[in-house]
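Novice: Dropping the structure in here first, questions after.
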Amino acid sequence: MDTALPPDERAELLLARMTQDEQLQLVMGYPGANTRPPSGRMPPEELRPLLPGTAGYVPGIPRLGVPALIESDAGLGIANNFHLRPGDEATALPSGLATAATWNSALAEAAGSVIGAEARDRAFNVVLGGAMNLARETRGGRTFEYAGEDPLLAGVITGSVIRGIQSQHVICTVKHYALNDQETGRTVLSANIDETDARESDLLAFEIAVEQGDPGAAMCAYDRYNGTYACENDPLLNGVLKGDWKYPGWVLSDWGAVHSTAEAANGGLDQESSEGSDREQYFGPALKQAIADGKVTPQRLHDMVHRILRSMFAHGVFDYPATRQLSALEAHRQIVYRDAAEGMVLLKNERGILPLPHMAQRIALIGAHADVGMLSGGGSSQVMPIGHTSADDFPVGAAEVASGAKVRPAGTEIYDPPSPLATILQANPAANVQYADGEDVAAATELARQSDVVIVFARQWMSEGRDVPNLRLPNDQDALIQAVAAANPRTVVVLETGGPVAMPWLDQVGAVLEAWYAGNAGATALAQVLFGNVNPSGKLPITFPASEEQLPRPSIPRGAAPGAPFDIDYFEGANVGYRWFQGRNLTPLFPFGYGLSYSSFHLDGLAVTSKGRLTASVNVTNDGPRGGMETVQFYAALPDGTGIRRLIGWSKVPLKVHERRRVTIAPDPRLLARFDEAAHGWRVAAGDYIISAGASSASLPLNATVKLTAQQLPP
Ligand code: GLC
């Protein structure tokens with residue numbers, strides 16, 4: 001307990017006093033909740049009172065002062081794992097994609113601190129946050145939880161969120177390592193990709209997040225990676241994560257992702273998170289037997305426990321024990337308000353329909369329960385938001401069930417209060433605001449006809465465990481939007497989507513604002529953006545395709561039958577998202593990095609130097625009419641003849657009207673390199689590199705060529 005000693009030393013001092021049984025106790029956890037787990041094995045009687053509301057629980061060792069690990073899901077706020085009970089409400093953050101759309105790492109870190117603080121206030125000391133699989137599958141059901149398609153943006157934003165969470169002395173995970181990039185068949189698929197491509201895409205995102213966030217734990221994923229389950233995948237866990245990246249933390253499994261004892265232990269798994277979720281109990285007595293049989297060495301068990309204890313010391317779990325207390329909810333609300341406001345992306349704004357004037361006018365609000373709140377995503381990240389009442393819950397598939405169709409409600413769409421109706425009235429009390437739910441298209445169209453401006457809310461619910469079938473808005477919302485826009489061209493569409501959607505009505509509407517899943521302060525942020533009190537500054541962290549035909553896989557890969565194993569050949573390699581579109585010369589609906597403002601900006605004076613580390617700088621000017629923020633993006637084309645330009649850095653800069661600033665980036669050399677399997681490291685090839693600056697991946701007006709010499713970097 002000597003806080004002056006380094007965490008590794010403190011872990012060893014403690015380990016020296018532990019019996020083997022005590023070591024074994026720390027490497028196996030129990031499923032949270034109190035319901036019968038998938039295996040049917042109930043947790044030990046004495047633990048059951050401690051489990052409700054947790055995702056997982058690892059008993060402590062009172063004799064040695066080792067606290068229990070009490071775990072909660074928390075990617076978007078403290079979730080309660082389907083045990084949404086009154087009193088469990090927590091601050092609901094905007095979606096991970098919204099936080100990525102802010103391109104603001106300081107804000108992402110502040111958002112993370114909200115999660116960490118509310119975890120501690122509920123006496124959790126491990127949060128299963130840090131979710132960041134690359135959006136390789138645009139229709140992936142967890143796209144909303146993650147940070148988009150680019151490894152640098154996803155790694156930096158998620159690393160910042162992890163830093164924020166751990167600033168509150170709780171441990172954060174980074175997940176799901178690796179290539180669990182779709183929900184369909186996630187526990188039986190094999191994600192097949194060659195090492196160079198994985199290193200330059202999904203693994204690079206994790207590498208950056210691990211370096212910048214220093215997560216105490218990493219969660220190995222459900223899927224097989226090149227044929228071997230991720231939680232027993234020696235090259236992935238021991239080779240890359242613990243070997244090349246020298247990761248000091250521990251690898252815990254996803255819930256139900258363990259399939260063996262010795263293979264998993266020797267493959268690099270350090271903790272079976274939830275024995276009840278796994279088919280069998282693979283650690284615990286089975287691991288003890290494997291050690292007795294010489295299949296697993298005592299040193300391996302020692303290393304497992306060392307990693308767990310080291311992280312507990314390093315991130316304050318011993319020195320700052322979490323204790324229940326009230327959360328600073330108003331301070332947290334301010335942070336998630338900024339997160340939502342900076343994450344909203346203005347995609348279209350013709351005839352200056354936005355911002356709306358502060359004046360008496362007839363405003364129609366139509367659809368997506370805009371009289372209740374802002375949509376949120378389903379699954380283990382689902383938060384029961386502050387101010388939640390059962391009126392905010394809409395069982396998914398209820399209409400089908402009511403119609404007698406053989407469907408199970410697939411979950412619950414939870415809307416985060418307050419409602420846009422309330423916040424828009426608050427922002428502009430002189431307005432006459434009417435709401436129609438959009439179910440009756442004729443009534444909605446009539447209301448639109450009688451209004452000065454119409455705001456149609458369109459929703460696309462996403463959830464863990466299920467991918468969206470296509471990119472179309474469900475429940476005939478396209479027809480609703482087309483009918484409303486035909487009745488009143490002053491129509492604004494507010495998208496509450498988990499990811500990209502198709503917009504067949506785009507030419508008929510005046511403006512489109514992507515609000516994502518905007519969280520507990522989302523409606524407030526929306527009203528401030530609509531009335532111009534906030535100048536939108538979000539930029540897309542994910543490409544919006546013009547059609548699914550443009551994607552590497554026009555339809556989602558699946559097995560021959562539910563539960564049947566299948567392979568996905570990720571032949572696009574590292575060319576995920578915009579890099580795929582550039583490589584195939586495809587024009588998306590809206591490109592990665594795109595986002596409008598109520599102001600216009602221009603860049604000039606790009607300069608690139610390559611003496612020592614490459615730097616790029618450019619002037620950015622706000623041409624008015626109002627103050628705002630611009631995210632200047634820098635891309636590089638390698639001398640590989642592909643013409644593909646990858647993001648190498650950005651700078652988000654606030655500018656008053658006519659203010660001009662010069663921004664500079666110094667990109668990590670790995671971003672200019674290829675991963676060289678033979679040399680087992682990063683290699684910057686000698687040659688001419690084209691460095692570009694612009695306002696999106698598809699708008700790069702300034703280019704400069706720079707000659708680089710060859711450089712070899714460690715893996
Ligand atoms: C889930 C998810 C993971 C979550 C865990 C605990 O299946 O894949 O993200 O942290 O189980 O709920």
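The values are calculated or read from the model by the stated rules, or taken from the named source; none is laboratory data. Small disclaimer: the values here were computed from a predicted structure and weren't measured. Cβ: placed from backbone, ideal geometry, glycine included. Neighbour counts: every protein chain shown. Each accessible area value is taken on the protein alone, full model and side chains, heavy atoms only, with ligands, DNA and RNA left out. Shrake-Rupley method; radii C 1.70, N 1.55, O 1.52, S 1.80 Å.
Novice: Does the range 317-327 contain any residue that is hydrophobic (A, V, I, L, M, F, W, C) and in contact with an Asp or Glu (Cβ under 9 Å, 6 or more places away or on another chain)?
Specialist: Scanning the range 317-327, I find at least one residue that is hydrophobic (A, V, I, L, M, F, W, C) and in contact with an Asp or Glu (Cβ under 9 Å, 6 or more places away or on another chain), so the answer is yes.
Novice: Hey, another quick one. Just for the range 455-487: of the residues that are within 16 Å of the ligand (Cβ to nearest atom) and in a loop (DSSP other than H, G, I, E, B), which one is surrounded by the fewest Cβ atoms within 10 Å (Cβ to Cβ)?
Specialist: Across the range 455-487, the extreme among qualifying residues is Gly465.
Novice: Also, I was wondering about something else. Anything in the range 265-288 that is more than 20 Å from Leu15 (Cα to Cα) and more than 32 Å from the chain's Cα centre (by Cα)? List them, or say none.
Specialist: Correct list: Ala286 only.
A quick yes/no check of all residues on (1) in a helix (DSSP H, G or I); (2) away from the ligand (no atom under 16 Å from the Cβ); (3) closer than 15 Å to Gly465 by Cα:
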residue: Arg139; (1), (2), (3): no, yes, yes
residue: Leu153; (1), (2), (3): yes, yes, no
residue: Gln168; (1), (2), (3): no, yes, no
residue: Asp181; (1), (2), (3): no, no, yes
residue: Gly185; (1), (2), (3): no, no, yes
residue: Ser190; (1), (2), (3): no, yes, no
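Novice: Kindly indicate the residue of the range 201-217 that is open to solvent by less than 10 Å² (accessible area, probe 1.4 Å) and part of a loop (DSSP other than H, G, I, E, B) and also nearest to Gly573 (Cα to Cα) among those meeting that condition.
Specialist: Across the range 201-217, the extreme among qualifying residues is Ser201.
For (1) over 23 Å from Pro489 (Cβ atoms); (2) at pLDDT below 90; (3) part of a helix (DSSP H, G or I); (4) open to solvent by 20 Å² or more (accessible area, probe 1.4 Å), each residue gets a yes or a no:
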{"position": "Leu354", "(1), (2), (3), (4)": "no, no, no, no"}
{"position": "Ala368", "(1), (2), (3), (4)": "no, no, no, no"}
{"position": "Glu400", "(1), (2), (3), (4)": "yes, yes, yes, yes"}
{"position": "Thr423", "(1), (2), (3), (4)": "yes, no, yes, no"}
{"position": "Gln426", "(1), (2), (3), (4)": "yes, no, yes, yes"}
{"position": "Tyr435", "(1), (2), (3), (4)": "no, no, no, yes"}
{"position": "Glu446", "(1), (2), (3), (4)": "no, no, yes, yes"}
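Novice: Let me ask something additional. Inside the range 161-174, can you point out the residues that are buried (at least 24 other Cβ atoms within 10 Å of the Cβ) and either farther than 28 Å from Gln325 by Cα or touching a helix residue (DSSP H, G or I) at 6+ places or on another chain (Cβ under 7 Å) (or both)?
Specialist: Val161, Ile162, Gly164, Ile165, Gln166, Val170, Ile171, Cys172, Val174
Novice: Can you name the number of the only condition in (1) touching a residue at least 60 places away in the same chain (Cβ under 8 Å); (2) in contact with a helix residue (DSSP H, G or I) (Cβ under 6 Å, 6 or more places away or on another chain); (3) not aliphatic (A, V, I, L, M) that Asn535 fails?
Specialist: Asn535 satisfies all of (1) touching a residue at least 60 places away in the same chain (Cβ under 8 Å); (2) in contact with a helix residue (DSSP H, G or I) (Cβ under 6 Å, 6 or more places away or on another chain); (3) not aliphatic (A, V, I, L, M) except (2).
Novice: Suppose the filter is in a helix (DSSP H, G or I), crowded, with 24+ Cβ neighbours inside 10 Å and either assigned by TED's automatic domain parsing to the domain that holds Met304 or more than 16 Å from the ligand (Cβ to nearest atom) (or both); does Leu252 pass it?
Specialist: no
Novice: Same structure again: Could you grab me the full set of residues in the range 271-316 that are within 16 Å of the ligand (Cβ to nearest atom) and under 14 Å from Gln23 (Cα atoms)?
Specialist: Gln271, Glu272
Novice: What number of residues within the range 41-66 satisfy the criterion of being in contact (Cβ under 8 Å) with a residue 60 or more places away in the chain and more than 28 Å from the chain's Cα centre (by Cα)?
Specialist: Of the residues in the range 41-66, 5 are in contact (Cβ under 8 Å) with a residue 60 or more places away in the chain and more than 28 Å from the chain's Cα centre (by Cα).
Novice: Between a first residue in the range 176-190 that is modelled with pLDDT of 95 or more and a second residue that is part of a loop (DSSP other than H, G, I, E, B) and of a type in the set (Ser, Thr, Tyr), which pairs have beta carbons less than 6 Å apart while being 6 or more apart in sequence or on different chains?
Specialist: Pairs that qualify, where the first residue is modelled with pLDDT of 95 or more and the partner is part of a loop (DSSP other than H, G, I, E, B) and of a type in the set (Ser, Thr, Tyr), are Asn180/Tyr222; Arg186/Tyr222; Thr187/Tyr222.
Novice: Ok, one more. Taking Thr143, is it away from the ligand (no atom under 16 Å from the Cβ) and either open to solvent by 10 Å² or more (accessible area, probe 1.4 Å) or outside the structural domain of Ser696 (by TED's automatic domain parsing) (or both)?
Specialist: Here the answer is no, as Thr143 does not meet what is asked.
Novice: Restricting to the range 39-76, what's the tally of residues that are of a type outside the set (Ser, Thr, Tyr) and within 16 Å of the ligand (Cβ to nearest atom)?
Specialist: Number satisfying all stated conditions: 14.
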